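Below is one structure, written out as structure tokens, with a few remarks after it.
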Amino acid sequence: GQQVMQIPQYQHVQEGEDFTTYCNSSTTLSNIQWYKQRPGGHPVFLIQLVKSGEVKKQKRLTFQFGEAKKNSSLHITATQTTDVGTYFCAGPGAGNMLTFGGGTRLMVKP
Amino acid sequence: EAGVTQFPSHSVIEKGQTVTLRCDPISGHDNLYWYRRVMGKEIKFLLHFVKESKQDESGMPNNRFLAERTGGTYSTLKVQPAELEDSGVYFCASSQLPTISAGELFFGEGSRLTVL
């Protein structure tokens, strides 16, 4: 079945440093979605990428969808303590559901 | 507008007992999903309702899990009898859009289940 992998699993950064998480799918995706889960919270939708090679920005966050539509990345510039949480990528699976990656847990030292 | 609400927020039960989790989706959302996150791992799909019908229950772990959505409004997920490996956070999510490729899911706060 479809697998969505994310690396790294954990990342500690100093506040102000950059952070990147990578997502790889075993199959070509029609779209990829990114979610953020704050500690003790629930996943919150961030963005959806649809086009091959697409790049979208949300303030300090930059999302990319690979040319082959099998991988994606999320880059945060100059991290802040408010960026702490787990970032999940997710792609459409068989049927009408999302397959989530394992998530990357970001910890920011002030 | 109220978001997706789940109850209880945390449940601690003994192995062999029964627990019922409840989810109230956003009003008007026909699509309701149950997901589970175990031990800080990935969020795994359990099942999908469209209104009161089970569209896809391929993610349900075994027959100890029973989900219902009578009347197409709120949904319940019953675990009977609970086992240690059932511990985790159970998320409910709803969507107004007919396909998951068309937009985002709105998640509830989750129900944390601890089986001792």
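Taken together, the values in this text are just the output of simple stated rules run on the coordinates, not laboratory data. Predicted model only: the values in this text are computed from it and were never measured. Don't worry about glycine lacking a Cβ; one is built from the backbone with ideal geometry, like all the others, and counts go over all protein chains shown.
For residue A:109, list the lysines whose Cα falls under 28 Å from its own Cα; do not include residues on the same chain fewer than 8 positions away.
A:36, A:56, A:57, A:59, B:41
Can you pull the mean other chain C-beta count within 10 Å for peptide B:40-50?
Numbers: counts 6, 4, 11, 12, 2, 8, 1, 2, 4, 0, 1.
Average per residue, whole number: 5.
Could you list log10 I(q)/I(0) for chain A at q = 0.14 Å⁻¹, which the Debye formula gives when each Cα is one point scatterer?
The computed values of log10 I(q)/I(0) come out as -0.50.
Could you please rank B:36, B:112, placing first whichever residue has the fewest other Cβ atoms within 10 Å of its Cβ? Each step should come with its number before you reach the end.
Numbers: B:36 24, B:112 17.
Listing B:36, B:112 from fewest to most nearby Cβ atoms yields B:112, B:36.
Taking every Cα atom in the stretch A:5-52, find the radius of gyration and the maximum pairwise distance Dmax, and write them in Å.
13.0, 35
How high is the FRET efficiency from residue A:55 to residue A:12, r the C-beta distance, R0 22 Å, rounded to 0.05?
Working: r = 26 Å, r/R0 = 1.20.
Once rounded, the FRET efficiency stands at 0.25.
Order the peptides A:73-79, A:53-59, A:88-94, B:59-65 from the highest to the lowest mean number of other Cβ atoms within 10 Å of their residues. Spell out each step's value before the answer.
Details: A:73-79: 17.7, A:53-59: 12.6, A:88-94: 23.9, B:59-65: 14.3.
Ranked from most to least packed, the peptides come out as A:88-94, A:73-79, B:59-65, A:53-59.
Can you give the average number of partner chain beta-carbon atoms within 10 Å of each beta-carbon in peptide A:88-98, as a whole number? Display every interim value, and only then the final one.
Working: counts 3, 0, 6, 2, 4, 5, 3, 9, 13, 14, 11.
Mean partner shielding for this stretch: 6.
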